[in-house]
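Below is one structure, written out as structure tokens, with a few remarks after it.
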Amino acid sequence: MLAMPLLPLEEYIEQAYLFKGLQQRVQTSDPIQEVLKHLREEILATTKLPMAIDYLLAELNHVGTISTAMKRLSHYFTPFQAFIVQMAEDDRGSFGMHQAFLVLEKEADYRSRQPDPVGMFFYQFETLCRNRLDYDLGLWAMSQDVVYMPVWQRWILWMRHQIGVIDLADMVYVYSQYSIIMQQREGQTLKTPDEILFGEKEGRIALANRHKEPLYLFSALQRQLGYPQVPLPQQVDTLQQIIPRLQRKMEQMEVRVKMLEDEQRQRGIDLTQFFKKPNQ
């Protein structure tokens, strides 16, 4: 029996609309605060998303990030959604906000169609692989998703420590129904895992793609299982990213300066301790 989604389906439909609006407008010169304010008015008022947007705006104004607010709203946004935005907010990487919101749009739309945990797993894991995101943090975030039953969560945490040691196709095959069929067909003594997570189709595809490029495995699974196609990383001119990054830095600096000014008015800050006397 699949774990029931934490939110009504209409919430995921509106989330998909929010992420679509963000990814379409994030490349404009409009501040993300203004974009969120406009989208808030377009979101269905009978959902809880407008309240969540209010919290995102408050956190953005005080801290300068969105992922921190999404982590605190863990009853509404999943840890994987917060992780994707966190990776996009890290200026040291090449994973941008446009790509992050595009990933989240497709994921939220998939959630609104009552996804199978197998399809969701491959979509999320392929996202990590294609965008070269942090596997350790990403798999932990995936394991906390309510779409997975406890047995799935335990398996994801287990494979978190096997990445780079055991091939993904081998892990999928061993934990599939097809591995049992093959053992019976060959007259072998059955060696079955505690839980079968993948069906015959997934096991057959995994066996056919052993020792091959993992992207071939993902491509075949996407065609057969029908989960959303993971957006491919786009080659972006780094010169065009300089101004948006500088704008985000300036916004964060303005927030910090405002916090210092507020604290100075309320409590007072003795800055003389940082001064140096002349000729010293």
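The values are calculated or read from the model by the stated rules, or taken from the named source; none is laboratory data. None of these values were measured; they are calculated from a predicted model. Here the Cβ is made from the backbone with ideal geometry for all residues, glycine too, and neighbour counts use every protein chain on show. Remember, those area values only see protein heavy atoms, side chains included, never the ligands or the DNA or RNA. Shrake-Rupley method; radii C 1.70, N 1.55, O 1.52, S 1.80 Å.
Could you grab me the full set of residues in the stretch 35-47 that are more than 20 Å from the chain's Cα centre (by Cα), surrounded by 16 or more Cβ atoms within 10 Å (Cβ to Cβ) and more than 12 Å from E14 (Cβ to Cβ)?
Of everything in the stretch 35-47, just one residue is more than 20 Å from the chain's Cα centre (by Cα), surrounded by 16 or more Cβ atoms within 10 Å (Cβ to Cβ) and more than 12 Å from E14 (Cβ to Cβ), namely V35.
Exactly one of (1) of a type in the set (A, V, I, L, M); (2) out of contact with any Phe, Trp or Tyr (no Cβ under 9 Å at 6 or more places or on another chain); (3) open to solvent by 10 Å² or more (accessible area, probe 1.4 Å) is unmet by L73. Its number?
Evaluating L73 over (1) of a type in the set (A, V, I, L, M); (2) out of contact with any Phe, Trp or Tyr (no Cβ under 9 Å at 6 or more places or on another chain); (3) open to solvent by 10 Å² or more (accessible area, probe 1.4 Å) leaves (2) as the failure.
I'd like the full set of residues that are under 19 Å from E14 (Cα atoms), part of a helix (DSSP H, G or I) and in contact with a helix residue (DSSP H, G or I) (Cβ under 8 Å, 6 or more places away or on another chain), limited to the stretch 48-70.
Hits for the stretch 48-70 are L49, P50, I53, D54, Y55, L56, L57, S67, A69, M70.
How many of the residues making up the stretch 125-150 are modelled with pLDDT of 95 or more and more than 26 Å from M97 (Cα to Cα)?
Residues flagged as modelled with pLDDT of 95 or more and more than 26 Å from M97 (Cα to Cα) within the stretch 125-150 amount to 0.
Just to confirm my filter: which helices (runs of 4 or more DSSP H) fall fully inside the stretch 188-280 and include at least 3 residues that are at pLDDT 85 or above?
Answer list for the stretch 188-280: 200-208, 214-225.
Output the residues belonging to the stretch 165-187 that are without any contact (Cβ under 8 Å) to a residue 12 or more places away in the chain and within 30 Å of the chain's Cα centre (by Cα).
Result: V165, I166.
Cβ-Cβ below 9 Å, separation at least six or inter-chain, first residue in the stretch 120-149 and at positive phi and open to solvent by 50 Å² or more (accessible area, probe 1.4 Å), second in a loop (DSSP other than H, G, I, E, B) and aromatic (F, W, Y): which pairs?
R132/F95
Considering only residues that are in a helix (DSSP H, G or I) and in contact with a helix residue (DSSP H, G or I) (Cβ under 8 Å, 6 or more places away or on another chain), which ones fall in the stretch 165-187?
Selection gives L168, A169, D170, M171, V172, Y173, Q177, Y178, S179, I181, M182.
Report the residue count in the stretch 116-155 for those that are farther than 13 Å from F198 by Cα, not small (G, A, S) and not in a loop (DSSP other than H, G, I, E, B).
Total meeting the criteria: 17.
Only one of (1) assigned to a helix (DSSP H, G or I); (2) surrounded by fewer than 22 Cβ atoms within 10 Å (Cβ to Cβ) is not met by F80, so which one is it?
So the condition that F80 fails would be (2).
Report yes if some residue within the stretch 167-176 is open to solvent by 20 Å² or more (accessible area, probe 1.4 Å) and small (G, A, S); otherwise report no.
No, the stretch 167-176 contains no residue that is open to solvent by 20 Å² or more (accessible area, probe 1.4 Å) and small (G, A, S).
Would you mind telling me which numbered condition in (1) at pLDDT 90 or above; (2) assigned to a loop (DSSP other than H, G, I, E, B) E107 fails?
For E107, the failing item is (2).
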